Structures are given as structure tokens and as C-alpha cells.
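Since the structure comes first, as C-alpha cells, the remarks are kept for the end.
The values are calculated or read from the model by the stated rules, or taken from the named source; none is laboratory data. This structure is a prediction, so every number in the text was calculated from the model and none was measured. Please note: Cβ atoms are built from the backbone with ideal geometry, for glycine as well, and neighbour counts cover all protein chains shown. Surface areas here come from the heavy atoms of the whole protein model, side chains and all, with no ligands, DNA or RNA. Shrake-Rupley method; radii C 1.70, N 1.55, O 1.52, S 1.80 Å.
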Protein chains: 2
Amino acid sequence: MTPPLHLSLAGQAVDVLREQVLTGEIAPGSRVNEVEVAQKLGISRGPLREAIRHLASEGLLTLVPHRGAFVPDATPEDVKALFELRTALECAAAELAASRRTDVDLVRLQEVCAESRRNYKAGQPFPYRLDLAFHQSLLDAARSPRIAEQVRLVQQRVVLLRSALEDDPPHQHASLDDHDELVRAIADGDAAKASAVMRRHLSRVCAQMLTSLNH
Amino acid sequence: MTPPLHLSLAGQAVDVLREQVLTGEIAPGSRVNEVEVAQKLGISRGPLREAIRHLASEGLLTLVPHRGAFVPDATPEDVKALFELRTALECAAAELAASRRTDVDLVRLQEVCAESRRNYKAGQPFPYRLDLAFHQSLLDAARSPRIAEQVRLVQQRVVLLRSALEDDPPHQHASLDDHDELVRAIADGDAAKASAVMRRHLSRVCAQMLTSLNH
DNA sequence: ACCCTGTCAACTGTCGACAGTTGGCAGTTC
DNA sequence: GAACTGCCAACTGTCGACAGTTGACAGGGT
């Protein structure tokens with residue numbers, strides 16, 4: 001049996017709130033009222049406060065003393081700083097993946113790339129889910145739990161900012177190429193190239209995000 | 001006047017607890033009893049719980065459902081994974097510092113190096129404080145707030161593991177040389193070299209930590 | 001018309017108390 | 001003597017209520 005991952009109300013509240021923040025159900029800039037949300041979840045303010053503090057530590061909420069918790073909305077500076085961090089982490093992960101990958105890691109990466117490309121050729125939009133799957137597979141191949149954990153947190157914050165990134169065909173095409181090239185470098189065990197490609201890839205994504213931020 | 005940084009009891013509790021954990025006043029492996037500590041701090045369990053959760057999110061405590069919070073003690077795997085993360089972050093910071101540093105940044109770095117060396121030549125132990133000051137100055141020069149924030153958290157966890165790192169003269173000497181070489185690379189704007197030196201430096205520190213972990 | 005000030009409702013910060021769970025200990029059985 | 005079972009104390013998880021602070025609004029003064 002699956003022993004329920006979160007027994008505690010606080011843990012459940014974290015999951016529900018995270019979902020609502022990431023999907024935009026709670027709009028950026030809006031405030032999280034403790035009593036209101038607590039009633040809506042059917043729990044007391046205690047566990048909810050812990051959940052709010054937890055999400056704040058993940059960067060999904062910002063706390064203002066005596067004012068409450070807010071969903072942060074992104075400034076260009078935030079995006080740049082965030083992508084500098086993401087670049088540092090994922091380039092390192094790409095290097096590690098190039099030197100540590102097993103054959104099954106490689107197969108997994110190639111599978112994800114192939115599925116993304118099938119999807120794209122079929123005219124369907126490149127689902128963000130597959131992009132996440134690619135980066136996740138790369139992290140698995142890197143075998144560095146701490147780095148993987150931090151990347152997950154950063155990606156989460158990126159999701160929070162992501163506007164209409166999915167429906168820009170040129171960008172999607174470039175990303176697919178980047179992924180393929182990344183897999184080739186990792187297959188060759190070329191750490192330097194893997195890092196360089198990742199850096200270029202994230203630089204492109206960051207630029208795309210900055211432009212879509214200015215409408 | 002300095003408007004008190006932490007008005008809230010929870011914030012104060014975070015500071016006090018962090019200090020006690022980092023100094024080893026609360027020994028690794030030991031348990032944090034909520035009612036006991038709350039009474040000792042003269043506060044209620046509510047704010048203390050928030051403080052505990054906050055420190056847990058920083059990695060200074062580990063939570064076990066229905067059992068409480070424990071100070072984690074380090075395994076070699078933890079140390080390696082932690083240093084992989086630290087290397088990713090600080091190498092990136094070194095690269096950025098090499099390309100973004102101002103002259104005042106450079107002076108600051110050189111000052112810290114000079115003071116460290118004076119201290120060392122005077123036969124005094126290389127204070128950990130100066131090592132932190134060096135890395136902090138480097139982060140200032142890198143001008144990447146997110147990376148700096150993450151490095152701070154990782155360094156904190158390293159402090160938690162640090163045993164007798166200060167009183168090993170050969171290691172101290174090597175570290176001083178590393179720092180000097182790093183400053184030269186940053187002065188030259190040589191990002192690649194700065195990154196490489198940082199990687200070697202942290203690799204050495206990690207190895208030292210692993211050996212001192214096995215007594 | 002603008003600004004300054006006093007009041008007030010709403011919300012966060014904090015507390016004490018109750019309920020549910022965990023690990024350990026005593027008692028029993030084989 | 002060892003293993004199993006049932007009980008118990010200690011502690012965490014949760015709740016409802018009180019206190020202090022914040023931002024907004026109304027009212028009066030300039």
C-alpha cells in the first residue's frame with residue numbers, strides 16, 4: 001500500500017496551495033488571507049500558517065510582516081537573477097550527466113526527445129510537461145541529489161513566471177534542437193560541450209521570457 | 001536607529017536556534033523538544049514551531065513526522081553532494097565576478113587576502129571568519145543575488161559539518177594560495193581560470209572535510 | 001481643494017489547551 | 001530466557017481565542 005505521503009494537514013495544505021499558486025488560480029500580486037483560506041480548506045490557521053511559511057521558503061510566496069503573504073509577480077531583474085542561478089545549476093548538472101550517465105539514462109533522454117519531436121511535428125504545441133521531463137531526466141543522469149533539489153525549486157519559480165512560452169513555434173523548434181544537441185554531447189561524454197549547450201539553451205529561454213514579459 | 005530586524009518572536013527564535021545549532025550548542029543527532037525549548041526561550045510553541053520549520057527548510061534541522069526535529073549529522077555522501085552543489089554555485093559566482101567586478105570589489109578581495117596572510121604568518125590560526133569574508137566578497141563582486149543567497153545557505157550547512165578544519169596548517173596554506181590565485185584570475189577578468197581555480201579549491205576543502213570526518 | 005489627525009475594522013502574531021500518535025515498559029506466555 | 005501483547009507517559013499536531021499592528025476612512029483644520 002501507499003502510505004499516504006502527507007498525513008499532516010499542513011502537508012496537504014502545502015500541496016493544495018502550491019498547486020493553486022502555480023496554476024495561477026491564486027493570481028500573482030494577490031494576497032493570501034489566512035482565515036479565508038483556512039476556512040476554505042477546512043483547517044485551522046495553525047497548519048495553514050506553516051504551509052504558507054513553507055511555500056515562502058520555496059519562493060512561491062513573499063511574506064510581509066503584519067501584512068500577510070503575497071504571490072510575487074516578476075520583474076525583469078528577478079528573471080535575470082533567477083536564470084543566472086538556474087544556469088549555474090543546470091550547466092553543472094549537464095557536465096555531471098555527461099560523465100556519469102548510464103546507458104539507460106541515455107535511452108531515457110533520447111525517448112523524451114523523440115516524443116517531444118513527434119508531438120511538435122504533429123502540429124501540437126510542445127507541452128511544458130515534456131520540457132520538464134527532459135530536464136528531469138538530465139538531472140537523474142547527473143546523480144547529484146542536492147543540485148536536483150535546487151533545480152526543482154528554481155524550475156518551480158520559473159513556472160510561476162511562465163506566460164505564453166509554449167505557443168511560440170520558433171522558440172519551440174530551437175529548444176528541441178538544443179535538447180537533441182545536449183543529448184549528443186552527453187552521449188559523447190563531452191562535459192564542456194554539454195555545459196556550453198545548456199548555457200546557450202537557458203540563455204535563449206531567458207531572453208524569450210523577458211520579451212514575453214514586456215508583452 | 002536600527003529598526004529591529006526581527007520584531008516577531010518567531011524571527012528571534014530563528015536567530016537564537018540557528019546560532020545554537022551552528023555552534024554545536026545543540027549537538028548533532030540530538031532532538032529539539034518543542035515545549036522544553038519554548039519554555040527556555042520564554043515563548044509559546046506556535047512561534048517556535050515556525051522557527052523550527054524555517055531552519056528545517058534551510059537544512060539545519062530535519063523533521064520526522066510525529067517525532068520532532070533533529071540536528072542532522074553528516075554522512076560522507078551528504079558532504080559530497082553538498083560540495084557538488086557548492087561547486088556549481090561558487091564556480092559560477094567566480095566566473096561572474098571575473099567579468100563584473102569593479103575596482104572596489106578587487107580592492108576588497110585583496111584586502112581580505114592580505115589580512116588572512118598576515119594572520120597566518122603571525123602564527124595564528126586562519127580564522128574561519130576570514131574564509132567566509134573572502135567568499136562573501138567574491139559573491140558581492142559577482143552581483144547575482146540569487147546565487148549569493150543559495151551559497152549562503154550551503155555554507156551554513158558546511159559550517160554545521162566543519163570539524164577541525166581550521167587547525168591544519170598545510171590545508172590553510174593551500175587555501176591562502178587558492179584565494180590569491182582566484183583574486184588574480186578575477187583581476188585579469190579570466191572567467192575560465194577563476195572557475196577552474198575555485199573548483200580545485202573546493203575540491204581540496206571537500207577532501208579535507210571527508211578525511212577529518214573519518215577522524 | 002489639500003492635508004493632517006483620530007478612529008476603526010480587518011488581519012496577523014501569539015497563546016494556552018485538547019486530541020492523536022509514537023516509542024518504551026511492564027506483564028504474560030511459550 | 002526470549003518474544004509477544006497491552007498499557008502508559010511524552011510529545012507532536014491541531015484548534016479556538018485574545019492581543020497588537022496596519023491600512024483605510026471620516027472628519028476637521030488650513
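Given the options A:A10, A:A88, A:A93, name the one that is more than 11 Å from DNA strand C (Cβ to nearest atom), aliphatic (A, V, I, L, M), within 14 Å of another protein chain (Cβ to nearest Cβ) and farther than 18 Å from A:R152 by Cα. Every option except A:A10 fails the conditions. Scanning region A:110-149 for residues that are among the aromatic types (F, W, Y) and assigned to a helix (DSSP H, G or I) yields A:Y120, A:Y128, A:F134. When A:R101 is tested against (1) touching a residue at least 24 places away in the same chain (Cβ under 8 Å); (2) within 30 Å of B:A191 (Cα to Cα); (3) within 14 Å of chain B (Cβ to nearest Cβ), just one condition goes unmet, and that condition is (3). Given the structure, is B:E95 outside the structural domain of B:R18 (by TED's automatic domain parsing), within 30 Å of A:R143 (Cβ to Cβ) and among the acidic types (D, E)? Criteria met by B:E95. A:A122 - would you say it is among the small types (G, A, S) and open to solvent by less than 60 Å² (accessible area, probe 1.4 Å)? No; evaluated as a whole, the condition is false for this residue.
Would you tally the residues in region A:40-49 being within 15 Å of DNA strand C (Cβ to nearest atom) and either open to solvent by less than 30 Å² (accessible area, probe 1.4 Å) or over 20 Å from A:P65 (Cβ atoms) (or both)? So the count comes out to 6. Taken over region B:56-84, the residue count meeting the criterion of being open to solvent by less than 50 Å² (accessible area, probe 1.4 Å) and at the interface with chain A (Cβ under 10 Å from one of its Cβ atoms) is 7.
Restricting the first member to region A:179-200 and to residues that are in contact (Cβ under 8 Å) with a residue 24 or more places away in the chain, and the second to residues that are surrounded by 18 or more Cβ atoms within 10 Å (Cβ to Cβ) and among the β-branched types (V, I, T), the beta-carbon pairs closer than 7 Å and six or more apart or on different chains are A:L182/A:V197; A:A185/A:V197; A:A194/A:I186; A:R199/A:T87. Across region A:27-39, the number of residues qualifying as more than 13 Å from DNA strand C (Cβ to nearest atom) and either in contact with a helix residue (DSSP H, G or I) (Cβ under 8 Å, 6 or more places away or on another chain) or at pLDDT 95 or above (or both) comes to 1.
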